[in-house]
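A.B. asks: Would you mind keeping the following structure in view while I ask a few things?
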Amino acid sequence: MRQRLCILGSTGSIGTNTLDVAARHPDRFEVVALSAHSRVDDLLAQCRQWRPRWAAMSDVDAAQRLAVAVRAEGLPTEVLAGPQALVALAGHDDVDSVMAAVVGAAGLPACMAAARAGKRLLLANKEALVVGGAQFIAAVREGGAQLLPIDSEHSAIFQCLPEDRSTWAQRIDHIVLTASGGPFRQADPLSLRDVTPEQACAHPNWVMGRKISVDSATMMNKALEVIEARWLFDLAPSQVKVVIHPQSIIHSMVICRDQSVLAQLGTPDMRVPIAYGLSFPERIASGASALDFLGLKSLTFEAPERARFPGLFLAWEALEGPHGSTAVLNAANEEAVAAFLSRRLRFTDIHDVVARTLELEVPRLSLSLDVPVEALLALDEQARRRAREIIARLN
Ligand code: NDP
Ligand code: MG
């Protein structure tokens, strides 16, 4: 039986890389559902190529336009509309695996649905785990889902660990997430004030969506990944450490109790962690090129400086703070990055918006495990309003 795939966020960077891997293995994978937000032409092109049973668009107007085009071309695809459509597909009986590659907290409801329905859940959408935290993990456990990390660092850690999760706590002393340092690793911090979206999105090693590219430039991406790792591997915040490794060859490391260091290496290509998530526990061809050891001049490491990357350090503060703090951090960052990308906020003000939103008195949740996802999303919305007020005052 082929694995029936639902790819949420199929028109994005992770989504298209997932389809690239799936296309190499038509005997293993059947693409049954695709989703996008508003890019109708991109999703239509994917429907022509993949002829999925369903295509969903979270933007209702866009879904209507897609439905008209799909009908006109006689494609066999049923078009679904609105954010609830993603939730329905993620939990559908005729879906085996869900690639969660929506960007932002908007992906949380569908991730929760896939977790509760016991799917094989390939998680690229780190923001969903940063917002969902304990609730997300509880839903995975209760639903009997298989949570497979797609973020390259977390896939690296996962690849260094045995399949039997019950042994992880005993063997891990701590983990080290590697970070490239992004495009401004060596820039004078004073020169960052006038950085443009184009400069911030020009990542030296990875080609990614615009939001995560800006997060890489501020290193807020690594802050989100610290929080993500805390939940994925059930670690104390102090067991998650970060080192800058500009070559992006070592994707992360596990430091064992006996001080043995296990690392996963490879060319920086997201198709490797995607292929591993798709095929786990087996290995399949990913399309990535082989690592050229002799072409590697050196592998170097640096400590991240607080003066240059203050956003990174908010991760541990939020994890040690009141419940709900990581959801507030994520919401403020999403708003600040959106404002920066639409040239309403300076690059260097992104961190201020996040830090100041975190300081404000947002009523925090008493996060018992039965807090519904709606409460998390309400906190997310409240933090966004605060962040937008701060952004407006900075202008
Ligand atoms: P992109 O911006 O390239 O793609 C995002 C996808 O989500 C698109 O299909 C987009 O549709 C859809 N989308 C956007 N907003 C919404 C919404 N509100 N509701 C539903 N769907 C929406 O992002 P990436 O592929 O770069 O990243 C996706 C996720 O994977 C992020 O969480 C990111 O942090 C994570 N990730 C990405 C990596 C990478 O290499 N790109 C590496 C590691 C993690 P449309 O095209 O219509 O706008
Ligand atoms: Mg990553």
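A.B. asks: Please go through segment 335-357 and pick out each residue that is in a loop (DSSP other than H, G, I, E, B) and of a type in the set (Ser, Thr, Tyr).
C.D. replies: SER342, THR348
A.B. asks: In segment 153-209, which residues are among the hydroxyl-bearing types (Ser, Thr, Tyr) and over 22 Å from the mean Cα position of the chain (by Cα)?
C.D. replies: SER166, THR167, SER191, THR196
A.B. asks: Among the candidates ALA69, ALA101, ALA85, ALA90, which residue alone is more than 21 Å from GLU30 (Cβ to Cβ) and among the small types (Gly, Ala, Ser)?
C.D. replies: ALA69 is the lone residue from the list that is more than 21 Å from GLU30 (Cβ to Cβ) and among the small types (Gly, Ala, Ser).
A.B. asks: Here's something else I'd like to know. Suppose the filter is under 21 Å from the mean Cα position of the chain (by Cα), modelled with pLDDT of 95 or more and assigned to a helix (DSSP H, G or I); does GLN135 pass it?
C.D. replies: Criteria not met by GLN135.
A.B. asks: Go through segment 117-126 residue by residue and tally those that are in a loop (DSSP other than H, G, I, E, B) and within 16 Å of ligand 1 (Cβ to nearest atom).
C.D. replies: 2
So that you can scan it fast, the table gives a plain yes or no per residue for (1) more than 30 Å from THR348 (Cβ to Cβ); (2) of a type in the set (Val, Ile, Thr); (3) more than 14 Å from ligand 1 (Cβ to nearest atom); (4) in contact (Cβ under 8 Å) with a residue 60 or more places away in the chain:
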site	(1), (2), (3), (4)
GLY91	yes, no, yes, no
VAL98	yes, yes, no, yes
VAL103	no, yes, no, yes
ALA128	no, no, no, no
ARG141	yes, no, yes, no
ILE150	yes, yes, no, yes
LEU161	yes, no, yes, yes
GLN186	no, no, yes, no
GLU198	no, no, yes, no
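A.B. asks: Hey, any hits in segment 135-146 for a residue that's under 25 Å from MET219 (Cβ atoms), open to solvent by less than 10 Å² (accessible area, probe 1.4 Å) and within 13 Å of ligand 2 (Cβ to nearest atom)?
C.D. replies: No: segment 135-146 contains no residue that is under 25 Å from MET219 (Cβ atoms), open to solvent by less than 10 Å² (accessible area, probe 1.4 Å) and within 13 Å of ligand 2 (Cβ to nearest atom).
A.B. asks: Look through segment 17-50, keep the residues that are farther than 23 Å from VAL87 by Cβ and free of Cβ contacts under 8 Å to residues at least 40 places away in the same chain, and return whichever of them is farthest from ligand 1 (Cβ to nearest atom).
C.D. replies: Top of the filtered list is ASP27.
A.B. asks: For segment 177-209, give me each residue that is surrounded by fewer than 24 Cβ atoms within 10 Å (Cβ to Cβ) and part of a helix (DSSP H, G or I).
C.D. replies: Matches in segment 177-209: PRO189, LEU190, SER191, LEU192, ARG193, ASP194, PRO197, GLU198, GLN199, CYS201.
A.B. asks: A further question follows. Taking ASP20 as the residue in question, decide whether it is open to solvent by 40 Å² or more (accessible area, probe 1.4 Å), more than 24 Å from the chain's Cα centre (by Cα) and closer than 25 Å to ILE284 by Cβ.
C.D. replies: Criteria not met by ASP20.
A.B. asks: Which of the residues that make up segment 55-93 are open to solvent by 10 Å² or more (accessible area, probe 1.4 Å), β-branched (Val, Ile, Thr) and within 15 Å of LEU44 (Cβ to Cβ)?
C.D. replies: Result: VAL68, THR77, VAL79.
A.B. asks: For segment 226-255, give me each residue that is farther than 24 Å from GLN170 by Cβ and within 11 Å of ligand 2 (Cβ to nearest atom).
C.D. replies: Within segment 226-255, SER248 is the sole residue that qualifies.
A.B. asks: Mind listing just one residue for me: the one in segment 277-305 that is hydroxyl-bearing (Ser, Thr, Tyr) and open to solvent by 30 Å² or more (accessible area, probe 1.4 Å) and, of those, nearest to the chain's Cα centre (by Cα)?
C.D. replies: Checking each candidate, the answer is SER289.
The values are calculated or read from the model by the stated rules, or taken from the named source; none is laboratory data. All of these numbers come straight from a predicted model, not from anything done at the bench. Neighbour counts run over all protein chains shown; Cβ positions are idealised from the backbone, glycine included. Side chains are part of the model used for accessible areas, which takes the heavy atoms of the whole protein and leaves out ligands, DNA and RNA. Shrake-Rupley method; radii C 1.70, N 1.55, O 1.52, S 1.80 Å.
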